[in-house]
Amino acid sequence: MDKVYYFTGSGHSRAVAEYLADKLKRQPYDITVGKHEAEDTEVTVVVFPVYCESIPDAVVDFLKTVTTGFAAIAAVYGGVSPGNVLFEAQSALKRPLTSAATVPTGHSFLSGGDTFDRVALDGFIEKVKNPAPVAVPPMKKAFYADLFPEWRSRVGVKIKKGDTCSKCGNCEENCPVGAIRRGVPFDGCIRCLRCVSTCPERALSFECRPFLRRFLERKKKTETVLYN
Ligand SMILES: Cc1cc2nc3c(=O)[nH]c(=O)nc-3n(C[C@H](O)[C@H](O)[C@H](O)COP(=O)(O)O)c2cc1C
């Protein structure tokens with residue numbers, strides 16, 4: 001048996017997890033809902049976004065709870081750089097990997113949908129069905145990747161609250177880092193945009209500063225890379 005888990009801010013990782021789960025005839029689970037721990041299974045698939053060339057903390061905590069079988073990880077990123085996240089995830093895991101992938105999609109801070117290369121994930125799915133150990137090598141990440149990542153995101157992206165906010169508390173319930181109150185984010189916000197994507201009133205939106213948009217638009221990577 002295998003299980004598919006995901007973490008998502010703006011929905012791209014969920015789209016990849018839904019695709020993989022569908023191919024594996026499973027249901028995908030959001031790791032921030034309910035028990036927050038992996039269950040005993042033969043292969044634990046974890047799909048997560050790359051934020052500032054790093055793995056979101058909630059995902060690192062979840063990876064540490066995989067205590068049986070193999071893990072298979074898909075790092076979803078905005079085409080700029082996945083950094084060294086596969087190697088870092090491998091180090092956080094107590095179990096061996098059977099497959100790992102970096103999957104470029106649209107960037108949360110730019111417009112663009114959940115486009116990703118589905119065919120390129122065939123080998124990933126095959127290794128989940130027939131697990132065997134694989135080792136991921138370390139990869140290069142920018143020297144500044146670990147320098148105040150949340151602060152960098154906050155400088156580059158502004159979250160805006162509109163008049164339709166009904167103070168329903170949805171953003172507070174959904175924030176993975178507990179850094180928003182009544183539609184107003186405070187220190188600690190990682191700009192994952194989960195509050196924006198889940199707001200039932202569509203009262204929240206974001207604005208990417210021009211200097212960041214220009215940097216992100218230079219993105220080049222479009223290839224899904226598999227480690228099998
Ligand atoms: C706070 C933040 C930081 C990001 N940092 C990177 C990055 O370092 N490299 C990259 O290629 N994409 C980066 N992205 C883009 C996301 O990895 C990409 O949009 C991904 O599809 C988001 O997945 P999600 O919709 O499941 O949250 C970042 C996005 C956010 C919100």
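Tell me which cysteines of the chain come out unpaired when the rule is another cysteine's Cβ under 4.7 Å.
Here Cys52, Cys165, Cys168, Cys175, Cys189, Cys192, Cys199, Cys208 come out as lacking a disulfide-compatible partner, given the Cβ-Cβ threshold of under 4.7 Å.
Treat the count of other C-beta atoms within 10 Å as a stand-in for reagent exposure and order His12, His36, His107 from fewest to most.
Exposure proxy ranking, most exposed first: His36, His107, His12.
Please give the charge dipole size of region 149-216, origin at the Cα centre, charges +1 on K and R Cβ atoms and -1 on D and E Cβ atoms. Round to the nearest 20 debye.
With only Lys, Arg, Asp and Glu charged at Cβ, the dipole is about 320 debye.
Quick check: the distance between the Cα centres of region 82-99 and region 1-43, to the nearest angstrom?
Rounded to whole Å, the Cα centres lie 17 Å apart.
So which residue, out of Ala75, Ala100, Ala142, gets the largest mean-square fluctuation from a GNM of the chain using Cα contacts under 10 Å as springs?
For the chain, modelled as a Gaussian network with Cα springs under 10 Å, the answer is Ala142.
Need the list of lysines near Lys141 for cross-linking: C-alpha distance under 21 angstrom, and skip anything on the same chain fewer than eight residues off.
Lys219, Lys220, Lys221
Could you please state, rounded to a whole Å, how far the C-alpha centre of region 152-175 is from the C-alpha centre of region 58-81?
Result: 26 Å between the Cα centres.
In nanometres, what is the gap between the two model label sites at Leu147 and Thr164, each 7 Å from Cα along Cα-to-Cβ?
The two pseudo-label positions are separated by 4.0 nm.
With each run of n ≥ 4 DSSP H residues scored as -39500 (n - 2.57), what mean residue ellipticity at 222 nm is computed for the chain after dividing by its residue count and rounding to the nearest 500 deg cm²/dmol?
Rounded to the nearest 500, the figure is -7000 deg cm²/dmol.
Read-outs: derived from the displayed coordinates by stated rules, not from any lab. Note that the structure is a prediction, hence the values are computed from the model and not measured. No Cβ is skipped: glycine too gets one built from the backbone with ideal geometry, and neighbour counts run over all protein chains shown.
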